[in-house]
């Protein structure tokens, strides 16, 4: 059937949605705040105005899938250390701790576990009751690409009974920005609310001071951790850690709309992106307190909205797609892909019926005409199709796998881990220098705001690409693979 083709999505259309979602009125879209309420209301009402219906498939809970969370915000800590009978002067401003309970205290000698796992993915130490010091970087020894990611390694250590899990600050990260972000609190799924009594991050010089106090060369220790045969090292330093933490349980929400297909039972396509950001992220004294998240990820949600509008318009004009297409805004991505993980464990449609998941995140970086890169290239057999669709749309293709460095840092991973074919396609990940310029400046900062200089040419290109990708994957004649998923 010939399909009606509305005009291409324009930069101004993308901008109009970013302007709303990244406005101060939305207060940075933090889960569990008034900003969440405004965001969900805007997304659901906008999708409904296009003709989408609720995608929760639950008449009692239309549009919004509850995601029970537990948030912890530190408001007090004490840190001391003794090495060989002498107090060790640690710079407490280089330590951020958070407890599991309102008050917690842990004392013990830390064990340096490197990356925490062996080459087979199992823990490399018995950490029951121990204070653990781990590296935040990713291992590079043979087979490391298939190992659990940082979040999962932290969880494994905590689930194995570690009393405290301390992590080195990511190399190159701004400590001031990281400290402010950590002070903003952490979240976990209520269904998975286990963990160590204390978690924390150490600035590089503090972690190195602990190692030197144990007469261990930091450079040698870090280098040795890159050996798959690395053996954990107990540091003869007694740490005394105490925390005061505000603990709050609440429900956030994924928002889900559906464009019904003409052939029920033929499978589904899901297009997703995270709506959340860090909210009011600075102290009252700061000139700008709101992390608006214009690029990350109001831009991605703007693309979801415009793609839904174009496809719904075609369907309303008598050219429906074969398959159901779900559009989902996930919560708490910034806190560890939590909304996506909750959806993967509680899908509104069986996972084996989701034929493709297309994640959209941080698209307002590349200029118009940027090549299309794939996060997930070589992982699921979708490369050739995406490349062909992109080329047919007049785009060039970046065929390397450099973008796969982000494969476990985006919502599509939660579905991919369950066997769903997931991909993130777009121009932002084709130019790593351009992306790094964003990641090392305004990323997760109040400066991530919509301005006249925000590049939206690439975002509009990616929106139009996703219209074409959804058309392809939702067409039973063009794409009819064996179902996947658990």
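Restricting the count to DSSP beta bridges whose residues both fall in the chain, what percent are antiparallel, rounded to a multiple of 5? Expressed as a percentage, antiparallel bridges in the chain total about 65.
The helix-based estimate of mean residue ellipticity at 222 nm for the chain, built from -39,500 (n - 2.57) per DSSP H run of four or more residues and divided by its residue count, is -8000 deg cm²/dmol to the nearest 500.
Summarising the label geometry, the points placed 7 Å from Cα in the beta-carbon direction at residue 215 and residue 478 lie 6.9 nm from one another.
Taken as Cα centroids, segment 84-142 and segment 152-166 sit 9 Å apart, rounded to the nearest whole angstrom.
Taking other C-beta atoms within 10 Å as the exposure proxy, 429, 343, 230 rank 230, 343, 429 from fewest upward. In percent, rounded to a whole number, the relative contact order of the chain is 21, using alpha-carbon pairs under 8 Å and six or more apart.
Relative contact order of segment 290-367, taken over Cα pairs closer than 8 Å and 6 or more residues apart, is 54 percent.
Here is the size of segment 101-191 from its Cα atoms: Rg then Dmax, 13.9, 41 Å. Normalised Debye scattering of the chain at q = 0.06, 0.08, 0.12 Å⁻¹ gives log10 I(q)/I(0) of -0.28, -0.49, -1.07, counting only Cα atoms as equal scatterers and leaving out solvent.
In segment 104-217, the DSSP beta bridges split such that about 10 percent are antiparallel, to the nearest 5. For segment 85-235, relative contact order (Cα pairs under 8 Å, six or more residues apart, normalised by length) works out to 35 percent. In terms of surrounding Cβ atoms within a 10 Å radius of their Cβ, 274, 342 rank from fewest to most as 342, 274. Ranking of 314, 80, 252, 299 by neighbouring Cβ atoms within 10 Å, starting from the fewest: 80, 314, 252, 299.
An oblate overall shape is assigned to segment 136-175, the ratio a/c of its alpha-carbon gyration tensor axes (a ≥ b ≥ c) being 1.5 or greater and a/b not exceeding b/c.
Read the figures in this text as sums done on the coordinates, not as results from a lab. Predicted model only: the values in this text are computed from it and were never measured. Please note: Cβ atoms are built from the backbone with ideal geometry, for glycine as well, and neighbour counts cover all protein chains shown.
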